[in-house]
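Peer 1: One structure, pasted below without further comment.
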């Protein structure tokens, strides 16, 4: 039998198989699909989607954990009205907005480091590991260490500042004017590594030819940075900005361990206030209203991302 | 290779910056090995004259071994389940064709936007109702269905050419066989990356056990160390020994698997 005969036979055989297969292919595919996505779908539905509807519902009630479900009263928008007049809630929103400052600071420092590490040093991966270390460290341990480093009277940071001749260094976490600044410093420290890795990947994707062409035209290093690097990094900047801002609204663990929202309410953020209302004051209805407002806020930021991406990121 | 003097100088300078950056870690380790009276001594003695290893012994004499064991148990099981669930659904959402597949995917993905704190109240209720409150099973379930892994792995499955799948089907293979013998081996590096990341995130999770665990004997290391630090008051050297114990295993895992972790972060731009 010649070679082509074998091929023809094979094709005929497989086409028979294919026909048989295609009859119930759609049905089979459907069941296979359900089988593969079922665990995820069931888990997400029960643990996230169902609770989100429940949150929405509870936010219109005066319910507290200690009451049984039977004592739940529907009170309409009362929780929301109270919230908008709640000074501590407003303060938490303002603190959250200040906390956003950590995002651009992180980005600028990370970009600066990334540019140096990308081309100008040996042992590149060593540096990546070093800057990434805080990111993978437990927030609890990090917070405990910084409580000591920032200790107002004998912490190493203030000892150092006093050695430099600063007579009255800030009292950091113990001072309501400086506590939020301390939180920002720590969040910058923990998140620089993430931005750095993303920037390094983005820098490596910029074609070397662009720089070579610019050099032929006599561009200086600064020209190249402003006219090539910065515009080429626009999508990365945008990504880091949005994930950073959303992340800053989720900053919960650091605040709980580090300051418990204090001193006073100087470091209370929305998620912290939510936690406090829900699990310390047991005001479930009120806390749920905070959840819903937080959700609307994050939804708005996400929408800005969707539409903004098209408008601001272009090359 | 010719050594570039300028590059060498920059490296040395950057090395200094890098060391300054991780000074908090160095201080922490140093303080954990000092006698209590020297913790805040200034100027800082980075390497204590006498290494006081007994700080670790004291810190560990309490509940630490149990907290550690709880953490290992919860983290390993959560990571295994989460990686399995995500790999399966990522395959389903990319390589199997069925009605409304992409719509369901977008719906599932949208839940990623919901901050974990926003649904704590009903989750708490649900867990009480199902008797999952204050159990490790509850804690494990809580972190086992992350959408992030599904999203990340789906990107990799989409990179597998459909022809591979089609020809395997013609040979009579079902999805279960294609999945286990073709698709999974092809994306194994990505699964490893997700595995390490999920391990790190779960190990470091504080909010979950803070809210859903009440009994001391079920504490994970994160809640354990927080409690230990609150109870130890001013015994800072012991607290630092506890903090080092909480961080060290992860640092080691990270340094060994750094290539996977960093490449994964760079590729997916994933953020826990």
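Peer 1: Only one residue in B:127, B:179, B:133 is within 11 Å of chain A (Cβ to nearest Cβ), at pLDDT 90 or above and more than 30 Å from residue B:262 (Cβ to Cβ), so which one is that?
Peer 2: Result: B:127 is the single residue among B:127, B:179, B:133 that is within 11 Å of chain A (Cβ to nearest Cβ), at pLDDT 90 or above and more than 30 Å from residue B:262 (Cβ to Cβ).
Peer 1: Then there's this: Give the number of residues within region B:92-101 that are buried (at least 18 other Cβ atoms within 10 Å of the Cβ) and either within 7 Å of another protein chain (Cβ to nearest Cβ) or without any contact (Cβ under 8 Å) to a residue 60 or more places away in the chain (or both).
Peer 2: 4
Peer 1: Free of Cβ contacts under 8 Å to residues at least 60 places away in the same chain and either assigned by TED's automatic domain parsing to the domain that holds residue B:94 or over 25 Å from residue A:34 (Cβ atoms) (or both) - does that describe any residue in region B:191-200?
Peer 2: Within region B:191-200 (the criterion being free of Cβ contacts under 8 Å to residues at least 60 places away in the same chain and either assigned by TED's automatic domain parsing to the domain that holds residue B:94 or over 25 Å from residue A:34 (Cβ atoms) (or both)), the answer is no, since none of the residues qualifies.
Peer 1: Mind listing just one residue for me: the one in region B:102-124 that is surrounded by fewer than 18 Cβ atoms within 10 Å (Cβ to Cβ) and closer than 19 Å to residue A:270 by Cα and, of those, nearest to the other protein chains (Cβ to nearest Cβ)?
Peer 2: Taking the candidates together, the pick is B:113.
Peer 1: Mind checking which residues of region A:229-243 are more than 9 Å from chain B (Cβ to nearest Cβ), touching a residue at least 24 places away in the same chain (Cβ under 8 Å) and assigned to a helix (DSSP H, G or I)?
Peer 2: A:229, A:231, A:232, A:234, A:235, A:237, A:238, A:241, A:242
Each row is one residue, and each column tells you yes or no for (1) in a helix (DSSP H, G or I); (2) modelled with pLDDT under 95; (3) more than 30 Å from residue B:161 (Cβ to Cβ).
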position	(1), (2), (3)
B:11	yes, yes, yes
B:37	yes, yes, yes
B:40	no, yes, yes
B:46	no, yes, yes
B:83	yes, no, no
B:94	yes, yes, no
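Peer 1: Residue check, residue A:267 against (1) assigned to a helix (DSSP H, G or I); (2) touching a helix residue (DSSP H, G or I) at 6+ places or on another chain (Cβ under 6 Å), all met but one. Which one?
Peer 2: With respect to (1) assigned to a helix (DSSP H, G or I); (2) touching a helix residue (DSSP H, G or I) at 6+ places or on another chain (Cβ under 6 Å), residue A:267 is out only on (1).
Peer 1: Can you find even one residue in region A:193-205 that is more than 25 Å from residue A:93 (Cα to Cα), loosely packed, with under 15 Cβ neighbours inside 10 Å and out of contact with any strand residue (DSSP E or B) (no Cβ under 7 Å at 6 or more places or on another chain)?
Peer 2: Yes, that holds for at least one residue.
Peer 1: With respect to residue A:248, is the statement that it is modelled with pLDDT of 90 or more, crowded, with 22+ Cβ neighbours inside 10 Å and either more than 8 Å from every other protein chain (Cβ to nearest Cβ) or within 24 Å of residue B:123 (Cα to Cα) (or both) true?
Peer 2: no
Peer 1: Which one is surrounded by the most Cβ atoms within 10 Å (Cβ to Cβ) among residues in region A:167-180 that are more than 20 Å from residue B:27 (Cβ to Cβ) and without any contact (Cβ under 8 Å) to a residue 40 or more places away in the chain?
Peer 2: Step by step, filter region A:167-180, then rank; the result is A:178.
Peer 1: Can I ask one more? Evaluate region B:249-257: report whether one residue or more is more than 22 Å from residue A:146 (Cα to Cα) and more than 10 Å from every other protein chain (Cβ to nearest Cβ).
Peer 2: Yes, that holds for at least one residue.
Peer 1: Can I ask one more? Could you check how many residues of region A:120-177 are within 9 Å of chain B (Cβ to nearest Cβ), more than 22 Å from the chain's Cα centre (by Cα) and over 25 Å from residue A:259 (Cα atoms)?
Peer 2: 8
Peer 1: If you take the residues of region B:195-218 that are within 21 Å of residue B:124 (Cα to Cα) and more than 12 Å from every other protein chain (Cβ to nearest Cβ), which of them is surrounded by the most Cβ atoms within 10 Å (Cβ to Cβ)?
Peer 2: B:213
Peer 1: Residues that are at the interface with chain A (Cβ under 10 Å from one of its Cβ atoms) and either touching a residue at least 12 places away in the same chain (Cβ under 8 Å) or within 30 Å of residue B:234 (Cα to Cα) (or both): does region B:52-65 have at least one?
Peer 2: no
The values are calculated or read from the model by the stated rules, or taken from the named source; none is laboratory data. What you see is a predicted model; the values in this text were computed from it and never measured. All Cβ positions, glycine included, derive from the backbone under ideal geometry; neighbour counts span all protein chains shown.
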